[in-house]
Amino acid sequence: MHELGITRNIVSIVEEAAKGRRVKRVTLDVGQFSGVMPDAILFCFDIVAKGTLLDGALLDIQKIAGRARCRSCGGAFDTTTLYQACACGSRAIDRLAGEELKIREMEIEEAP
Amino acid sequence: MVELEAQILAKNDMLAAKNRGWFAGREILALNLVSSPGSGKTTLLERTIRDLKDRMPISVIEGDQATANDGERIRAAGAAAVQVNTGAGCHLEADMIAKGLAELKPAVGSVVMVENVGNLVCPAMFDLGERAKVVILSVTEGDDKPLKYPHMFRAAEIMVINKTDLLPHVDFNVEEAIANAQTVNPQIRAIQVSAKTGDGLASWYDWLQGEAAQARLAG
C-alpha cells in the first residue's frame, strides 16, 4: 500500500505551500502508468488530512491516459499498456503522457 | 487557485540523487535487487559474497518488513550487512538507504547491494540512487511475470533468472520469459543461474565486475 506514503507526501507538500491558510481543494494529475491507484489515494486522503490545513478539503484526481510517440515513424498514438508497440511495428517509443504523478494546484480559503 | 506543479516523489528523487553522488564520490557500485518474495535474492547474495570474497568487497543493505533473518544470513556468508526493517512499508526509500549507509560505512571502490522488499510493484517507483536495478525471476514463478509487472521489468537493467536447476520440474519457459521481458524493455539483459548449484553464475559475476569497473571509472 504505497499510496499511504504517497498521500502523506501530498498532504505535506500542500501544507507547506499553503503557509497556514486553509485548503479547500487539491487537484492531482495521476497518469494511467504512474503506479498508483487513484481510489487508494482517495481512501487514504481523508485520514491523512485530518487535523491538518487540508482537513475537509476536496481531492480532485485528474486521470491522465497513456500516449506515446514513435521514434521510427513519428506518429503519436494512445497506449493502454506500458509496452504497447506502434502500429508500424516499432517498439522504440517515447512516452508523451500517462506517467504523471503530481500536484497540479490547490484552492485556498479566502481570508474573511 | 494556486498553481503548484509539484512532483509528488520529488523529495525521494532528490535524496536518491544525493545517494548517487555519495556512491560516485567513493567509486562504489550500488545495485538495487528487486523481485517477488521467495525468488532467491538472499541465496544469490550469499553465494555471490562467498564466491567473490577475494575479488570484490561486498556489503549489503537488507530491507524487510520484519525479522533480522536475512541480515544474519548475509553476515554468516562473510559480508557486512545492515537491516532496514520497513515495518508496514512495502518498499525501501532513498532516506532509508542514506541512514543504512551511515551505519554500514562501505569502503571506497566496493559494492553495495540493496536487497529491496520482496515486491514487484512499488520498489519500481522509488529511486534509491543505485547504478542499476537487478530483477530476479525464479523459474517457480510464471514466465509471464514481466508482462504482469511491466514497471519493474522496464526499470531494470538486467534480469537474473534463478533456480534453473528446477527447470525439469516446472512449466517455466525460459525463452518465453526473456521474450516477455524484452517486450516490456527491449534493452534488458537476461542471464540464467542456479544460486544453489552455481550453474551460470560466471556470467553474473562477469556482469558485476564490468559494472564495478565502470563505477570506478565514473567516480
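The values are calculated or read from the model by the stated rules, or taken from the named source; none is laboratory data. Just so it is clear, the model here is predicted, and its values are computed rather than measured. In this analysis, Cβ positions are derived from the backbone assuming ideal geometry, glycine residues included, and neighbour counts consider all displayed protein chains.
Filter region B:19-37 down to residues that are loosely packed, with under 14 Cβ neighbours inside 10 Å and farther than 13 Å from B:Val135 by Cα and give me whichever is farthest from the other protein chains (Cβ to nearest Cβ).
B:Gly25
Filter region B:50-70 for residues that are surrounded by 12 or more Cβ atoms within 10 Å (Cβ to Cβ) and part of a loop (DSSP other than H, G, I, E, B); which is modelled with the lowest pLDDT?
B:Gln65
Just a yes or no: is a residue in region B:60-74 within 14 Å of chain A (Cβ to nearest Cβ), within 18 Å of the chain's Cα centre (by Cα), of a type outside the set (A, V, I, L, M, F, W, C) and at negative phi?
Scanning region B:60-74 turns up at least one residue that is within 14 Å of chain A (Cβ to nearest Cβ), within 18 Å of the chain's Cα centre (by Cα), of a type outside the set (A, V, I, L, M, F, W, C) and at negative phi.
For region B:71-93: of the residues being in contact (Cβ under 8 Å) with a residue 24 or more places away in the chain and under 17 Å from A:Leu4 (Cα atoms), which is surrounded by the fewest Cβ atoms within 10 Å (Cβ to Cβ)?
B:Thr86
Hand me the list of strands (runs of 3 or more DSSP E) wholly inside region A:1-98 holding 2 or more residues that are surrounded by 15 or more Cβ atoms within 10 Å (Cβ to Cβ) and in contact with a Lys or Arg (Cβ under 8 Å, 6 or more places away or on another chain).
A:23-31, A:66-70, A:76-79, A:93-97
Starting from region A:83-112, take each residue that is more than 11 Å from every other protein chain (Cβ to nearest Cβ) and list its partners that are not in a strand (DSSP E or B), counting only C-beta distances under 6 angstrom and pairs at least six apart or across chains.
Here the result reads A:Cys88/A:Ser72; A:Cys88/A:Cys73; A:Gly98/A:Gln32; A:Gly98/A:Phe33; A:Glu109/A:Arg22, each pair linking region A:83-112 to a residue that is not in a strand (DSSP E or B).
Name the pairs whose Cβ atoms lie under 6 Å apart, with the first residue in region B:193-216 and basic (Lys, Arg), the second not in a loop (DSSP other than H, G, I, E, B), and 6 or more positions between them or separate chains?
B:Lys196/B:Asp165
Can you tell me which residue is nearest to the other protein chains (Cβ to nearest Cβ) among those in region B:139-163 that are crowded, with 23+ Cβ neighbours inside 10 Å, outside any helix (DSSP H, G or I) and not hydrophobic (A, V, I, L, M, F, W, C)?
Only one residue tops the list, namely B:Asn162.
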